[in-house]
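The values are calculated or read from the model by the stated rules, or taken from the named source; none is laboratory data. Because the structure is a prediction, the values reported are computed rather than measured. Backbone-built Cβ (ideal geometry, glycine too); neighbour counts: all protein chains shown. The protein model used for the area step is the full one, side chains on, heavy atoms only, and it has no ligands, DNA or RNA in it. Shrake-Rupley method; radii C 1.70, N 1.55, O 1.52, S 1.80 Å.
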Amino acid sequence: MDILDASEVVIITSAICPAPNVFMLALSDPRARLIQVFACLYQWILGAKARRIVICDGTVDASLFSPFSELAKDHGVELEVLTFSSSQNLVSRLGKGYGEGEILRYVMLNSRLLHNANCFFKITGRLYIRNFREICRAHSATPVIFNRKPRPGVADTRFFKCSVDYFRRSLMDAFEKVNDRKGIFLEHLYCSILEADNVLVPFSIQPEIVGRSGTTGRVNGVGEYPQDALSAAEAIALAHQSFRLIPQSGTAEPS
């Protein structure tokens, strides 16, 4: 049996064509983000062996991810692709945390794979957890797990585990208060709620994060994707003509 229970889902949040002029977003080029997201999805399907994966993007059409449907099927992974038109003006004005929260709420309200799920792992698009299987073994019985960031009052929202019921009840709508330009970040809002509910439990094993930070553009944790994953992502993008399917300006077309 796979490490993940059938009731658990991995949610990948993605914004390949981010809104223009998003505050503190260094990695904004859609084509660079496309390769990172494709490498991410490639690794989650082949490396993590999660049984159920939802990828949701608020900036591109679902057809962009069609090459991964067969790949997932060949590896026994149930892949659900969700896309919608995110609130680009609000994301530009309020920040990427607003966009992240909007994506997660869309998944909570529209994913068929979450209908029978007890818990989910969330990972920010473009990132992969190299020791994911080990983390799953260690935390199979814990419903809510968030690491803290070094600064006080800040939860790490890049990768976490949460029960579906708790997220819907307590965290799903928190993003509506985000205003990055005023210093009100999603990480602060989540941390405040988790602390108030006394459920801010950290991972006992430090996640080994692979990929680049959208905020800084720098490589996270343990480094860049292996070359085979990046090469596979580029090959898939070229074969599927994915570069032609994303607007050159980075402004998303309706999905």
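Counting only protein heavy atoms and a 1.4 Å probe, the chain has 44 square angstrom of accessible area per residue. Note on the chain: with neighbouring protein chains present and a 1.4 Å probe, carbon and sulfur make up 49 percent of its accessible heavy-atom surface.
Normalised by 2.2 N^0.38 Å, where N counts its residues, the alpha-carbon radius of gyration of the stretch 35-99 equals 1.26.
Farthest towards the positive end of the charge dipole of the chain, among the residues 194, 230, 36, is the Cα of 194, using unit charges on the Cβ of Lys, Arg, Asp and Glu. Scoring 193-205, 98-110 by mean Cβ neighbours within 10 Å over their residues and listing the highest first yields 98-110, 193-205.
Calculated on the Cα set of the chain, radius of gyration then Dmax: 16.8, 49 Å. Could you compute the net charge surrounding residue 20? Neighbours are other residues with a C-beta less than 13 Å from the C-beta of residue 20; K and R count +1, D and E count -1. Charge balance near residue 20 sits at +1.
Farthest toward the dipole's positive end in the chain, which of 101, 11, 154, given Cβ charges of +1 (Lys, Arg) and -1 (Asp, Glu) about the Cα centre? Sorting the options by dipole projection puts first 154.
Compared with the direct C-alpha span, the chain from residue 23 to residue 134 gains 36.5 nm at full extension, assuming 0.36 nm per residue.
Taking 0.36 nm per residue of separation and subtracting the current Cα-Cα distance, fully stretching the chain between residue 168 and residue 110 would add 19.6 nm. Projected label points at residue 69 and residue 148, each 7 Å from Cα along the beta carbon direction, are separated by 4.6 nanometres. With the convex hull drawn around the C-alpha atoms of the stretch 1-150, the volume per residue stands at 121 Å³. Summed over qualifying helices (DSSP H, 4 residues or more, each -39500 (n - 2.57)) and divided by its residue number, the chain shows a 222 nm mean residue ellipticity of -9000 deg cm²/dmol.
Here the extension length gained between residue 205 and residue 181 equals 5.3 nm, from 0.36 nm per residue of separation less the Cα-Cα distance. In a reduced charge model with +1 at each Lys and Arg Cβ and -1 at each Asp and Glu Cβ, the stretch 133-193 shows a dipole moment near 140 debye about its Cα centre. The lysines whose alpha-carbon is closer than 24 Å to the alpha-carbon of residue 73, local same-chain residues fewer than 8 away aside, are 49, 122. Placing dummy labels 7 Å off each Cα toward the beta-carbon, the span from residue 235 to residue 222 is 2.3 nm. Highest mean packing comes first when the peptides 165-178, 50-63 are listed by Cβ atoms within 10 Å, giving 50-63, 165-178. Near the amide H of residue 154, within less than 5 Å, lie the amide hydrogens of 149, all on another chain or at least 5 residues away, with H placed in the peptide plane. Cross-link reach is defined here as a Cα-Cα straight distance under 24 Å, omitting same-chain residues fewer than 8 places apart; for residue 182 the lysines meeting it are 96, 149.
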